[in-house]
Amino acid sequence: MVNFWATSCTTCVAEMPELVTTYNKFKDKGYETVAVAMRYDPPSYVVNFAQTRQLPFKVAIDNTGAVAREWGDIQLTPTTFLVNKRGEIVKRYVGTPNFVELHQLIEKLLTQS
C-alpha cells in the first residue's frame, strides 16, 4: 500500500491508526505500507509525527513532489493505492478507505502469486 498524506490533513491523521492496524494485521504475510508525506509537509513535522506515533511502516518524505507526480500528480490527501505483488495498482482511494472492504481485498491479493 502506498499512502499519500500530510500532517496538516485531519483526515490523514484520523486514518493513521487504521493504517497501523492494517499493517500489523497483514505484515507477516508479506504486506508492506509506505506512507509518503507531501512536499509541502515540513520534514521535521513528518519525523516528529512518525516517531511520536511509533509508525511501524516506512515513511517517505517527498520533498520535491516527484513521487506524487509519478503516481498521477497527487494533489488530494489522503490518497491511497493498493498495489499487487506484480507492482500493478489494483485500487485507488481518495479519502479514507472502507477498511473492512480494504482488508478483504488485501486478503485476496495476498493469496495471489
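Every read-out reported here was derived from the displayed coordinates using simple, explicitly stated rules and does not represent laboratory data. These numbers come from a predicted model, not from an experiment. Reconstructed Cβ throughout: ideal geometry from the backbone, glycine too, with neighbour counts over all protein chains shown.
Quick one: which of 53-60, 29-36 comes out on top by average Cβ neighbours within 10 Å, and what's the full order, highest first? Walk me through the numbers before you get to the answer.
Working: 53-60: 13.6, 29-36: 16.6.
Descending packing order for the listed peptides: 29-36, 53-60.
Just report the Cα centroid separation between the stretch 1-74 and the stretch 84-102, whole Å.
14 Å
Residue separation times 0.36 nm, minus the C-alpha to C-alpha distance between ASP73 and ALA14: what's the value? Mind dumping the intermediate values first?
Details: separation 59, 0.36 × 59 = 21.24 nm, distance 2.32 nm.
Length gained between ASP73 and ALA14: 18.9 nm.
Just one of (1) 46, 34, 21; (2) 38, 29, 21; (3) 61, 32, 29 is Cα extents along the principal axes in Å calculated from these coordinates, so which is it?
(2)
Can you tell me what share of the DSSP beta bridges in the chain is antiparallel? A percent to the nearest 5 is fine. Working shown, then result.
On the way: 8 of 16 bridges.
Taking every DSSP beta bridge within the chain, about 50 percent pair in antiparallel fashion.
Per residue of the stretch 76-93, in order, report the coupling 6.51 cos²θ - 1.76 cosθ + 1.60 (Karplus, θ = phi - 60°) as ³J(HN,Hα) in whole Hz, putting x for Gly and Pro.
Karplus-based 3J(HN,Hα) across the stretch 76-93 equals 8, 10, x, 10, 10, 10, 9, 10, 7, 5, 8, x, 8, 6, 9, 8, 10, 10 Hz.
How much length is gained if the chain between GLU88 and LYS29 is pulled fully straight, taking 0.36 nm per residue apart and subtracting their Cα-Cα distance, in nm to one decimal?
On the way: separation 59, 0.36 × 59 = 21.24 nm, distance 1.83 nm.
Full extension of this stretch gives 19.4 nm more.
For VAL83, which sequence-distant residues (separation of 5 or more, or a different chain) have an amide H within less than 5 Å of its own amide H, given hydrogens modelled in the peptide plane?
VAL2, VAL90
Can you tell me, using C-alpha contacts under 8 Å and at least 6 residues apart, the relative contact order of the chain as a whole percent? Could you put the intermediate results ahead of the total?
Values: 153 pairs, mean separation 35.6, N = 113.
Relative contact order of the chain: 31 percent.
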